[in-house]
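The values are calculated or read from the model by the stated rules, or taken from the named source; none is laboratory data. These figures come from a predicted structure and were not determined experimentally. All Cβ positions, glycine included, derive from the backbone under ideal geometry; neighbour counts span all protein chains shown.
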Amino acid sequence: MDNFVYRNNSVVPMDQLLTSLRFYASAGHLASVADFMGIHLSTASRIIQRVSQVLANLSQEHIHMPAENDIATVQNEFYNMARFVRVIGCVDGTHIRINSPGGEDAEVFRNRKTYFSVNVQVVANSRLRICDIVARWPGSTHDMTIFANSRIKRRFDAGEFGNAILLGGSGYALSPYLMTPILNPNTHGEQLYNESHIRTRNVVERLFGVWKRRFPG
């Protein structure tokens, strides 16, 4: 990334990155970020858009599901947590607050807690890292709708990950590769299943906690 030039001035790449990181970590208070960095509001806005696009373009280098020769290792890491077999990821959605986008479709971004958001689907691994992300659905969209239309589902449908599975909450539909909790466990075995499921799937909740403490919204 090169210098950002405006009105015969320039912002070096490191300052562009710092501007963007401060914006991400300040709940989107653009004016305060611009003031802190000593640049005009419109300049800060353009820099943040520019850096965000660069980061998005680099995302596939860092956000990806395990390769075939890594699947067994990932499954062992999950198994060691709570003895749930064949798991390579835990899926869930989280709401990222946004300002009202305006227009006739604005209300589809209002979630069940009444604020505007994007419902972001994440697959987490046992190390609290994001392995897959979908960040394009409005806040009113149900988690299962996002999953049903996601590339990660199509990859599982195609058998790309063999007999590996994901864990999801009760809002997801049970499938051969997506294990959900038993809603009304009647036997000791079913109770043990739910306990193991909860303890294992907790990684995605912890990931969200780390994410939102670092970048509050």
Seminar exercise, completed: In region 94-116, residues that are free of Cβ contacts under 8 Å to residues at least 60 places away in the same chain and within 17 Å of Met144 (Cα to Cα) total 5
For this session: With respect to Arg154, determine if the residue is under 16 Å from Val74 (Cα atoms) and assigned by TED's automatic domain parsing to the domain that holds Asn80.
Result: no
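Residue-by-condition table, conditions (1) among the charged types (D, E, K, R); (2) at pLDDT below 95:
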| site | (1), (2) |
| --- | --- |
| Tyr79 | no, no |
| Arg83 | yes, no |
| Cys90 | no, no |
| Ile98 | no, yes |
| Asn111 | no, no |
| Asn119 | no, no |
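Looking at region 174-195, which of the residues that are hydroxyl-bearing (Ser, Thr, Tyr) and in a loop (DSSP other than H, G, I, E, B) is farthest from the chain's Cα centre (by Cα)?
Applying the first criterion (hydroxyl-bearing (Ser, Thr, Tyr)) to region 174-195 yields 175, 177, 180, 187, 193.
In the following step, the residues that additionally are in a loop (DSSP other than H, G, I, E, B) were identified as 177, 180, 187.
Details: Tyr177: 20, Thr180: 19, Thr187: 34 Å.
Here the answer is Thr187.
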Problem set entry | Complete set of residues in region 146-172 that are in contact with a strand residue (DSSP E or B) (Cβ under 7 Å, 6 or more places away or on another chain) and of a type outside the set (A, V, I, L, M) | Phe147, Ser150, Phe161, Gly168, Gly169, Tyr172
Exercise. Can you name the number of the only condition in (1) closer than 20 Å to Gln75 by Cα; (2) part of a helix (DSSP H, G or I) that Gly159 fails?
Worked result: (2)
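Kindly establish whether Phe23 is crowded, with 16+ Cβ neighbours inside 10 Å, modelled with pLDDT of 95 or more, in a helix (DSSP H, G or I) and not hydroxyl-bearing (Ser, Thr, Tyr).
Details: crowded, with 16+ Cβ neighbours inside 10 Å: yes; modelled with pLDDT of 95 or more: no; in a helix (DSSP H, G or I): yes; not hydroxyl-bearing (Ser, Thr, Tyr): yes.
So Phe23 fails the test.
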